[in-house]
Amino acid sequence: LHIIGDGPDSSNVRELIKDNPAIIFHGSLTGEELVKFYQTCQALIFPTLTYENCPMVILEAFSFGMPVMAANLGGIPELVKNYQTGWLFNPGDGGQLKKVLEKFATLKPAELEIIKANCLTKAKQFNHEKYIQELVNVYSL
């Protein structure tokens, strides 16, 4: 398990995982370092407890065909759809996250390929041109 990112709980996370060699905390990554992880990881787990409208990390993962397991909070359910682009779990519910991870681990290869394709399709819905056109449409009423 690779943990990427920083926040107010980073020191607590580092302390919790310090004796577990299977979990690596990388802190904040950008550029090519971050792209390397998107290219090699199988899925993104986004266990936020914060209401977010459209988390960029989810769109980034989708652009690499990466399924997302995320907290069912804020605007996240508009992006992550169960068995389509990933799975949702209740914020802070470790037991439910475990069930989601088990579902992911038991996917057949063909099912995973369909989900990856869905992620790529979803990512294409978010680009500057479409966003600007939507803004123009909204404000041209």
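The values are calculated or read from the model by the stated rules, or taken from the named source; none is laboratory data. The shown structure was predicted, so the numbers you read here are calculated from the model rather than taken from an experiment. Note that we place each Cβ from the backbone using ideal geometry, even for glycine, and neighbour counts take in every protein chain shown. Calculation scope for accessible area: heavy atoms of the full protein, side chains included, ligands and nucleic acids excluded. Shrake-Rupley method; radii C 1.70, N 1.55, O 1.52, S 1.80 Å.
Odds and ends about this structure:
- Considering the stretch 118-132, the residues that are in a helix (DSSP H, G or I) and closer than 19 Å to residue 53 by Cα include one that is farthest from the chain's Cα centre (by Cα), namely 132.
- Candidates 31, 95, 65, 74, filtered to the one that is out of contact with any Cys (no Cβ under 8 Å at 6 or more places or on another chain), on the phi > 0 side of the Ramachandran plot and at pLDDT 95 or above: 74
- No other residue among 101, 107, 97, 120 is in contact with a Gly (Cβ under 8 Å, 6 or more places away or on another chain) and free of Cβ contacts under 8 Å to residues at least 60 places away in the same chain apart from 120.
- Residue within the stretch 98-117 that is at pLDDT 95 or above, over 13 Å from the mean Cα position of the chain (by Cα), under 23 Å from residue 5 (Cα atoms) and exposed (fewer than 13 other Cβ atoms within 10 Å of the Cβ) present: yes
- For the stretch 14-30, the count of residues that are basic (Lys, Arg), over 23 Å from residue 122 (Cα atoms) and open to solvent by 60 Å² or more (accessible area, probe 1.4 Å) is at least one.
- Scan of the stretch 118-136 for residues that are at pLDDT below 90 and farther than 18 Å from residue 64 by Cβ, ordered by number: 128, 129, 130, 131, 132, 133, 134, 135
- For the stretch 31-56, a residue qualifies if it is of a type in the set (S, T, N, Q) and part of a helix (DSSP H, G or I), and the qualifying residues are 39, 40.
- Complete set of residues in the stretch 57-80 that are assigned to a helix (DSSP H, G or I) and open to solvent by less than 10 Å² (accessible area, probe 1.4 Å): 58, 61, 62, 76, 79
- Here is the figure for the stretch 82-92: residues that are touching a residue at least 24 places away in the same chain (Cβ under 8 Å), out of contact with any helix residue (DSSP H, G or I) (no Cβ under 6 Å at 6 or more places or on another chain) and open to solvent by 60 Å² or more (accessible area, probe 1.4 Å) total 2.
- Selection status of residue 53, farther than 20 Å from residue 126 by Cβ, within 15 Å of the chain's Cα centre (by Cα) and open to solvent by 30 Å² or more (accessible area, probe 1.4 Å): no
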